[in-house]
1. Return a whole-number percent for the relative contact order of region A:22-423, with Cα pairs under 8 Å and 6 or more residues apart as the contact set.
2. Of chain B, which part is the longest with no trypsin sites (Lys or Arg not before Pro) in a loop (DSSP not H, G, I, E, B) and with at most 15 other C-beta atoms within 10 angstrom?
3. Which three lengths, in whole Å and largest first, does the protein assembly as shown cover when its Cα atoms are put on their principal axes?
4. What share of the DSSP beta bridges in region B:268-419 is antiparallel, in percent to the nearest 5?
5. Once you charge only the Cβ atoms, +1 for Lys and Arg and -1 for Asp and Glu, what is the size of the charge dipole of region A:259-357 about its Cα centre, to the nearest 20 debye?
6. If every alpha-carbon in chain A counts as one equal scatterer, what log10 I(q)/I(0) does Debye give at q = 0.07, 0.09 1/Å?
7. Ratio of region A:289-373's C-alpha Rg to 2.2 N^0.38 Å, to two decimals?
8. Kindly state, as a whole number, the per residue volume in cubic angstrom of the convex hull around the alpha carbon atoms of region A:198-355.
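Every number in this text was worked out from the coordinates using simple rules, so none of it is lab data. Small disclaimer: the values here were computed from a predicted structure and weren't measured. As a convention, Cβ positions derive from the backbone with ideal geometry for all residues, glycine included, and neighbour counts pool all protein chains shown.
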Amino acid sequence: MSGSREATGLDHDGGRAPNDGAWKAQPAVVVTGVGVAAPNGLGRDAFWEATVEGRSGIGPITRFDPSSYPAQLAGEVPGYDAAEHIPSRLLAQTDHMTRLALTAAEWALADAGVDPKELPEFGMGVVTASASGGFEFGHRELEKLWSKGSEHVSAYQSFAWFYAVNTGQISIRHGMRGPTGVLVTEQAGGLDAVAQARRQVRKGIPLVVTGGVDASLCPWGWTAQIPNGRLSTSREPAAAFLPFDAGAIGYVPGEGGAILVLEDASAARGEAYGEIAGYGATFDPRPGSGRQPGLRRAAEIALADAGLERGDVDVVFADAAGVVELDRIEAEAISGIFGPFGVPVTAPKTMTGRLYSGGAALDLVSALMSIKHGVIPPTTNVQRLAEGIDLDLVRDAPREAPVRAALVLARGYGGFNAAMVVRRHTPERTPR
Amino acid sequence: MPNTSDRRVVITGMGVIAPGGLGAKAFWELLTSGRTATRTVSFFDPNPFRSRVAAEADFDPAAEGLSPQEIRRMDRAAQLAVVCTRECLVDSGFATDEHDPTRVGVSVGTAVGATMSLEQEYVVVSDGGQQWLTDHRYASPHLYDYLVPSSFARDVAWEVGAEGPATVISTGCTSGLDAVGHAMELIREGSADVMIAGATDAPISPITLACFDAIKATTARNDDPEHASRPFDNSRDGFVLGEGAAMFVLEELGHARRRNAQIYAELVGFASRSNAFHMTGLRPDGREMAEAIRVALGDARLPADSVDYINAHGSGTKQNDRHETAAFKRSLGDHAYRTPVSSIKSMVGHSLGAIGSIEIAASALAIRHGVVPPTANLHERDPECDLDYTPLVAREKRLDVVLSVGSGFGGFQSAMILGRVA
């Protein structure tokens, strides 16, 4: 191993910086507000308190009777009464995930101290991730169609279930007429959407609402998830989702996610959570090619994009698949860059389950909160690291440590890899 | 903000499957002949539905070279995308094994993903809609691929061996423009040198018919299906649901030149905006689409009067046709009256997220051949639509700059500008 301050990215095959340094001249893009709907806490503070304390939101499914299914645990968002948050005319036309997204967006804007009515309408954009759309809404309408007939299908079906619904509804609710976007890369989407939002801010859009919120906890959504072969069939919440553990047996799905407000640092009011400093995305080689998986390369591109060296990163938020082979690939990627046990690694999603497009967006919030509070939240329930997992996994108890920069990793089913670096934002003093 | 990258993006290959013909050549022949490919729905019994017309592609996956396992694994929309991907690679002369796979990315647009397979699976696991607690034991092993349409980008990436950034873009009916716009951005910023980009949708399924019936968005001209898609015509009464795909090889200009690739056109400007008004409704003033057009022209550093042809969204709903007519006047001023406009949806229907890419293909072919495709079925203009919509017959015209626009549910408005490469 060469010196710990060695620059990453540029010295590996295919690890070229995305823009050969041209981005460096661009203004910083910062996160100024966050809104959270997570299985272990509704709202940023409830979520963060639970996360630091190691409190899990995983339990038996209550939304429907899961007893006929092999997998029966999920992370459900607790205590969410939609009528408290959403106007009644919107209730009829929205899926559960859209209501959660609208609520999280409202909180994120309030957190940023933004009143959208006071900002130029074309200067605000919305870019969200989606994995499977408003599936529960779609389930009810499919049932009406096939059991009662086409004339019973809701007038809202055409848009309530589709992947673009959260972006559309958020833009309408807040009068945001700038650029829009919807990225679908399963669990990697939370990072891909934020990266796209950063592009828009860099192109001159002052404020972009971004992130991801997903939920498909209905029988039809559950039935559709089971064939991926990765759902944990454990009945014991503390033993079901054990990423990097020798006893990893798959993951527990959850619902929810996070919405973030991104702004140009020079225009942002008040204190920012941190800067979206680097991003990289890759796709895995097709099966049988014999080539290396792309996660490490994504992380190296993100570090190079941020202009950071590996020693600058104080924590890695892992994708944490909970699937033996995928855990090994991720551990090798992290150890390959940082050295064995070379950086603290954590997976607070052990307390929420994997939230699809919401998962990485929520991890970004955790990373930003770590920077803000100087504490790394724990990974829960992991007892014994699998052989060859050479990670300094922060387990059971939070670890207090100054966090200057965090690397967040995410992977989407099928081969999508994304990595994002967030770092403490120190406003530059402009010379007179 | 004008584009500041010195990396230019060109189309060097295309593959198209649209109703009325398989392959880009058949597609262009249909468009320039002014024939229509709309008909009575044949995939299932359409009698229970208000709108029974669709533009179906006569696509046989086995005849197009997909293996039995590929056919079983992939939803029809993924099949369309993969077959178009193969066509665009051949057309471009792009041999995937001769390029660094980490510099090749994928961007696939779709509005409704694997909706056909999802509905077919639903019918089985719910036993015909009778069981709320759907039975996973009857599900296809590929059902998860249908749940997450990101599988489309995976299927294309596997086809190409791409290891650069890969994504699905799903912004409803502007997906096909936005997916190509996204790919263009990734090449400009240097994240990839080559992007396999385009869009696909295969939505002709009972649930799709039912959901558009419920808001009367689709035509009820069931007794005259061949003439049912009538954009800008005074007698129009809604759009005709379609299906299809178009995929492109997009390359950084220098990359294309170094390998002596053919060039159809350059992607010179792109923008999307949102109306923040209504999930399905449009305001008649066309303000946000006009803004998208203005920003796209600015991105391309082109003046409004440089536009030689507008490939319209032209869905054939009253509110759309008036909305975009207003948007063209608002963004291009008097030049809008001097610019030929047309809607190919009059011939190939509205394939939701796919159509934006299919219309980019039409725009690129229009530049290459110097021909403006017509708007079929346009006999008597809506008095409020007073531009030149190129009725019935294709028109020869040298085209240096073409504007292609899209408008969709969610309030999304997108504009893509293509330019001739000297």
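1. Working: 1058 pairs, mean separation 92.4, N = 402.
Over region A:22-423, the number comes to 23 percent.
2. Of all site-free stretches, the longest is B:36-215.
3. The principal-axis extents, from largest down, are 74, 67, 54 Å.
4. Close to 75 percent.
5. The calculated dipole for region A:259-357 is roughly 400 debye.
6. For chain A, the Cα-only Debye profile gives -0.30, -0.51.
7. 1.11
8. 166 Å³
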